[in-house]
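See structure below.
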Amino acid sequence: MSDTTLKRTPLYEAHKRLGARMVPYAGFEMPVQYSGIIDEHNATRASAGIFDVSHMAQFRVSGRDARPFLQEMLSNDIARIDDFGAAQYTLMLNDEGGILDDLIVYNTGFEYLIIANAANHEKDFNWLMAHKPENVELVDESERTALIALQGPKSTHIIDELTADDYALPERFHINDALIDNTIPVLVARTGYTGEDGVEIVARAQDAEALWNVLLSFPEVTPVGLGARDTLRLEQGYPLYGDDMDVTRNPLEAKLGWVCPTQEEDYVGGQAVKKAREDGVEQALAHIRVDGGIPRNGQQVLVQGQPVGVVGSGSHSPTFGFGMASAYLPVEYTDPGTKVQVEIRRKLVEGVVVKPPFSL
Amino acid sequence: MPSPKNYLFTNDHEWFNQNDEHGIVGITDFAQDQLGEIVYVDLPEVGDSFEAGESFGEVESVKSVSELFMPIGAKVIEVNEDLADAPDLVNSDCYGDGWLIKVSYGDSDLSSLMDGDSYDTYCSEL
């Protein structure tokens, strides 16, 4: 395979210097691991991990009608983030209620910042562009910006150390602007994908390496690749677009009805969600603990020998030492405690439906 | 790290060590390094027989699964039970405590296997 078609983030050279193993992911050449997935996972849970997530798409939405535009395009109620600095998790749906993407929208005060999945970058931008009225400005900032996540219990202390005395970290699911190390202007968001406290930092591409290096200069900080990013998020039950949902699934099947509030159903796909809510769904996303094997994407899930679903996300939990999976199952099999089996390469391995986050 | 001189190797990165009348099979340092931290090892039953090149099990890291291929035609006489609780032995000591299976191999042909120097040359060209 040729690497010439793969894009690189502004931190590519930094990853190479750290000896990262690079893999293709969503059109980018990305670090999958540095010291090892389990080390990196545990370092994030115990101290702090730093992640280059600059491959993610970043869009800026501004103009007089930006707010009604996003109210129409996104499932969650934009009124919930009318306060400057507020942020929300939300979905973009098609007219049939199928999930086009899951994303976070931040109200940065004078405009909205959207952070979306790298795999959906072009599709999302084109979809928004096609629906956008003239007095809304939509700008793709992805090339000009870097995104670095700092996650784990020591994260906020490090940001405190690197900012002025009068700077206060944003509350959870909020964003503000900061000056890091007296030189690097950034946006600091108290969001993440690991289940730990932490921040996601938006910086200019040209500042990415300086920011990365100053964060990494703290002995508490370990660089973490996409491998541990996946195990960290799956332990929490956080969905990954593509494996845990796609355009063939509606938010209720994906257990994301909570980001489709009922008081405001005029968004694209809202009527389909309303109907699904009234009619009920036949399948829903469930999480499965597996002891005695590691479930993988595409493997069969069975109940009493009968195939009932297919593994979406599947991996090993470094924290707990068991296998973990997600799968769409008939709703009657999605109650915690339901016994299932996963067919792991010709062998049937026992599993049990659990309510995430995974725990012992 | 140079491969042990007294072991034999396959181009699938398994090693075979002749030990009196039986042999021991494991994966090489190159293989364990490529896989990363091994979290699960799936081994055959004692008594199972395999042809040379046949799959006899799998090793899994967090991200990936790799099949294990038999270096020679042989019958399994013992499996490394320690790997059930400590699969990372394959990472920390792949030529020693991280061995996989013990086999009886009769008069199986060993001539297709590489010696340590040839295997190191083979890896350096990958």
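Here are the numbers for the structure shown:
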{"read-out": "Radius of gyration, Dmax [segment A:12-76; alpha carbons; angstrom]", "value": "17.6, 48"}
{"read-out": "Segment A:99-146: C-alpha gyration tensor shape, a/c 1.5 cut-off, then a/b vs b/c", "value": "rounded"}
{"read-out": "Cβ-defined net charge surrounding residue A:37, 9 Å radius [Lys, Arg +1; Asp, Glu -1]", "value": "-3"}
{"read-out": "Neighbour cut-off at most 15 other Cβ (10 Å), DSSP loop, GluC sites (Glu not before Pro), segment B:38-106", "value": "B:45, B:51, B:54"}
{"read-out": "Interchain or long-range residues, amide H under 5 Å from residue A:310's placed H", "value": "A:301, A:328"}
{"read-out": "Heavy-atom accessible area ranking, 1.4 Å probe, most first, across A:262, B:10", "value": "A:262, B:10"}
{"read-out": "Mean-position separation - Cα centroids, segment A:242-275 and segment A:191-235, in angstrom", "value": "30"}
{"read-out": "Accessible-area order (highest first, 1.4 angstrom probe) of the listed residues B:77, B:24, A:114", "value": "B:77, B:24, A:114"}
{"read-out": "Principal axes of segment B:1-119: Cα extent on each, largest first, Å", "value": "37, 33, 22"}
{"read-out": "For B:36-47, mean number of other protein chain Cβ atoms within 10 Å", "value": "3"}
{"read-out": "Shape parameters for chain A, alpha-carbon atoms, Rg then Dmax in Å", "value": "20.5, 62"}
{"read-out": "Whether segment A:46-115 is rounded, prolate or oblate, judged on the alpha carbon gyration tensor where a/c under 1.5 counts as rounded", "value": "oblate"}
{"read-out": "Average other protein chain Cβ within 10 Å of Cβ, residues B:59-66", "value": "6"}
{"read-out": "Calculated [θ] (222 nm, deg cm²/dmol) that DSSP helices of n ≥ 4 give over chain A, each run adding -39,500 (n - 2.57)", "value": "-6000 deg cm²/dmol"}
{"read-out": "Ordering of A:156-166, A:65-75 by packing [mean C-beta count within 10 Å, highest first]", "value": "A:65-75, A:156-166"}
{"read-out": "Cα-only Debye scattering, segment B:1-54: base-10 log of I(q)/I(0) at q = 0.29 Å⁻¹", "value": "-1.33"}
{"read-out": "In sequence order, calculated HN-Hα J values of segment A:47-62 (Karplus, 6.51, -1.76, 1.60; Hz; x Gly/Pro)", "value": "9, 7, x, 10, 10, 8, 10, 5, 5, 5, 7, 10, 10, 10, 10, 9"}
{"read-out": "In the A-B interface, the accessible area buried, summed over both sides, Å² (probe 1.4 Å)", "value": "1300"}
{"read-out": "Computed over segment A:1-136, Kirkwood Rh from alpha-carbon pairs, angstrom", "value": "17.0"}
{"read-out": "Solvent-accessible heavy-atom area per residue, rounded to whole Å², over segment A:53-186 at 1.4 Å", "value": "43"}
{"read-out": "Cα-based Rg of segment B:65-115 normalised by 2.2 N^0.38 Å, two decimals", "value": "1.27"}
{"read-out": "For chain A, size of Cβ-based charge dipole, Lys and Arg +1, Asp and Glu -1, in debye", "value": "1220"}
{"read-out": "Number of partner chain Cβ atoms within 10 Å, mean per residue of A:321-327", "value": "1"}
{"read-out": "Heavy atoms of residue A:127 accessible to a 1.4 Å probe, total area in Å² rounded to 10", "value": "60"}
{"read-out": "Rough spin-label spacing in nm, given labels placed 7 Å along Cα→Cβ, for residue A:259 and residue A:164", "value": "3.4"}
{"read-out": "Accessible heavy-atom area order of A:278, A:13, highest first, probe of 1.4 Å", "value": "A:278, A:13"}
{"read-out": "Among A:306, A:236, A:58, residue whose mean-square fluctuation peaks in a GNM of chain A (springs only between Cα atoms under 10 Å)", "value": "A:306"}
{"read-out": "Probe 1.4 Å - accessible area at residue A:174, Å² to nearest ten", "value": "60"}
{"read-out": "Of A:225, A:267, A:213, farthest towards positive along the dipole that unit charges on Lys, Arg, Asp, Glu beta carbons give segment A:212-291", "value": "A:213"}
{"read-out": "Mean ellipticity per residue at 222 nm, deg cm²/dmol - from DSSP H runs of n ≥ 4 across chain B, formula -39500 (n - 2.57)", "value": "-4000 deg cm²/dmol"}
{"read-out": "Anisotropy class of segment A:197-344 from Cα gyration tensor, a/c 1.5 cut", "value": "oblate"}
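The values are calculated or read from the model by the stated rules, or taken from the named source; none is laboratory data. Remember, predicted model here, so these are calculated numbers, not experimental data. Don't worry about glycine lacking a Cβ; one is built from the backbone with ideal geometry, like all the others, and counts go over all protein chains shown. What goes into the accessible areas is simple: the full protein's heavy atoms, side chains included, and nothing from ligands, DNA or RNA. Shrake-Rupley method; radii C 1.70, N 1.55, O 1.52, S 1.80 Å.
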